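The values are calculated or read from the model by the stated rules, or taken from the named source; none is laboratory data. Here the structure is a predicted model, which is why all the values come from computation and not from measurement. With ideal geometry, Cβ positions are generated from the backbone for all residues, glycine too; neighbour counts draw on all protein chains shown. All accessible areas refer to the heavy atoms of the entire protein, side chains included, with ligands and DNA or RNA removed. Shrake-Rupley method; radii C 1.70, N 1.55, O 1.52, S 1.80 Å.
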Amino acid sequence: MFNIDRHILTIEGVSAVELANVYGTPLYVYSESKILEQLDVIRKSFLEKYDNTHAAFACKAFCTKYMCRLLENEGFWLDVVSGGELYTALEAGFPAERIEFNGNNKSDEELIMALRAGIGRIVVDNTDELYHLEKLCEIERCVVKILFRVTPEVSAKTHDYISTGKKDSKFGIPLDEAIIFPAIEYAIQSKVYDFLGFHFHVGSQLMEAETHISALDVVLKLILETKKRFDFSVKDFNLGGGFGIKYTADDTPLKISDFIDPLMERLESFCATHGLVRPHVSMEPGRYIVGEAGIQLYQVGNIKDIPGVKCYVSVDGGMTDNMRPGLYGAKYEAIIANKADLPKTAVVDISGKCCESTDILIKDLRLTKPERGDLLAVFSTGAYGYTMSNNYNKLTIPAVVVVKDSNHRLIVRRQSYAEMVEREI
Ligand SMILES: Cc1ncc(COP(=O)(O)O)c(C=O)c1O
């Protein structure tokens, strides 16, 4: 996917310098082959290996019409969390019946939009939503498939901000007997719900399978209790996403099968032991599918060397196009794309151009001696970069380009100043 040709970084055979010249910087660049490769791994290690399964892409990682169309062609599902994501998917012609709707506070407008579109599943996030959605379904005279997102009370080994399965979480239905079982009974008996089963998402950028396994054990107990108490066989179980990727040399991600095989083995043997039919199983990874497929290109501007202290290398973007370092200290690696194989003799901080001291994209980066006008390429920026971009300091949102087999094409145009202010009255 990435190579070096006469000192210049290439992506699927296309020079990074050429991309910057054609589309400008900052720029999001995706390798389509890498996205397809990731989908293929999921296909081989999950969809083809285990029957009665499906995989959805957590759209929040890179929600674009391009991505929706690619996933539709590849037979994947989508997980959306807002009316805007749903709108994007429907605009792209993505079939509503293959869309799951997550989120801890879906508005009436969003829910009605989903019901009218014929959404595949709604993942009910709390009991308040359970009772409220029922009224909307009655008004809309429709039946909807639902799952319960539960909080399995496990703590993932990742940044606290992206550990989402703890008891004290805004996401999911708590497991307290007095809450979960009445809710299950209610869903089973409701005329507007086709209750399918349970969902969890325990956290993101996970480098171990233990958290998923602990959460599965919790769900297995729920499946059994649901059978015993209500004589109801759970039909579906969604194990969420969270599979870690390689951002820096320190990251050692597991293979998807290292997560999936122990989970499936446990689920299947539990069902066999207790005489239960194994439910349909789904997953919804985001970062795993697009993270490593994306890079960001920036132009180097001012370089500020504070003798004996630090060298700040400023680029023409920052926390507006990649919020993750400022948001939760995410780490990245980068090179000078036009000097890709020259010795790295400098240690610098890459600073964004926003008026916040926390707008530092990379700290203590070993880099070829940078100069004004150089092109900086930051790796593994394909997930939660473009989708978290914003207009702070009235910086415009960069363009997005896809590269495939030595060809490149624009999939999102750079925002203009006029577009940025056009909604202002
Ligand atoms: C409900 C849910 N599913 C899936 C994901 C995707 O997570 P990841 O990109 O780490 O795979 C998220 C991420 O926030 C999520 O909240």
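Being within 16 Å of the ligand (Cβ to nearest atom), open to solvent by less than 20 Å² (accessible area, probe 1.4 Å) and either at pLDDT below 95 or assigned by TED's automatic domain parsing to the domain that holds Val144 (or both) is a property that does not hold for Leu222.
Applying the criterion of being away from the ligand (no atom under 15 Å from the Cβ) and more than 17 Å from Val401 (Cβ to Cβ) to the residues of region 57-76, the residue that is least open to solvent (accessible area, probe 1.4 Å) is Cys68. Listed conditions (1) touching a Cys at 6+ places or on another chain (Cβ under 9 Å); (2) aliphatic (A, V, I, L, M); (3) at pLDDT below 95 are all met by Met1, apart from (1).
Scanning region 273-321 for residues that are within 16 Å of the ligand (Cβ to nearest atom) and either at positive phi or not β-branched (Val, Ile, Thr) (or both) returns Ser282, Met283, Glu284, Pro285, Gly286, Arg287, Tyr288, Gly291, Glu292, Ala293, Gly294. Take the residues in region 111-125 that are open to solvent by 10 Å² or more (accessible area, probe 1.4 Å) and β-branched (Val, Ile, Thr), then tell me which one is nearest to Thr88 (Cα to Cα). Per the stated criteria, the residue is Ile119.
Looking at the structure I just gave you, is Leu147 away from the ligand (no atom under 16 Å from the Cβ) and either surrounded by 23 or more Cβ atoms within 10 Å (Cβ to Cβ) or modelled with pLDDT of 95 or more (or both)?
Values: away from the ligand (no atom under 16 Å from the Cβ): no; either surrounded by 23 or more Cβ atoms within 10 Å (Cβ to Cβ) or modelled with pLDDT of 95 or more (or both): yes.
No.
Considered as a group, the residues in region 225-264 that are open to solvent by 10 Å² or more (accessible area, probe 1.4 Å) and among the hydroxyl-bearing types (Ser, Thr, Tyr) include one that is farthest from the ligand (Cβ to nearest atom), and that residue is Ser233. Return the residue satisfying two criteria in turn: it lies in region 275-334 and is farther than 20 Å from Lys60 by Cβ, in contact (Cβ under 8 Å) with a residue 12 or more places away in the chain and out of contact with any strand residue (DSSP E or B) (no Cβ under 8 Å at 6 or more places or on another chain), and of such residues it is most open to solvent (accessible area, probe 1.4 Å). Residue satisfying both the conditions and the ranking: Val277. Each residue in region 34-72 was checked for being in a loop (DSSP other than H, G, I, E, B) and more than 23 Å from Met264 (Cβ to Cβ), and 3 pass.
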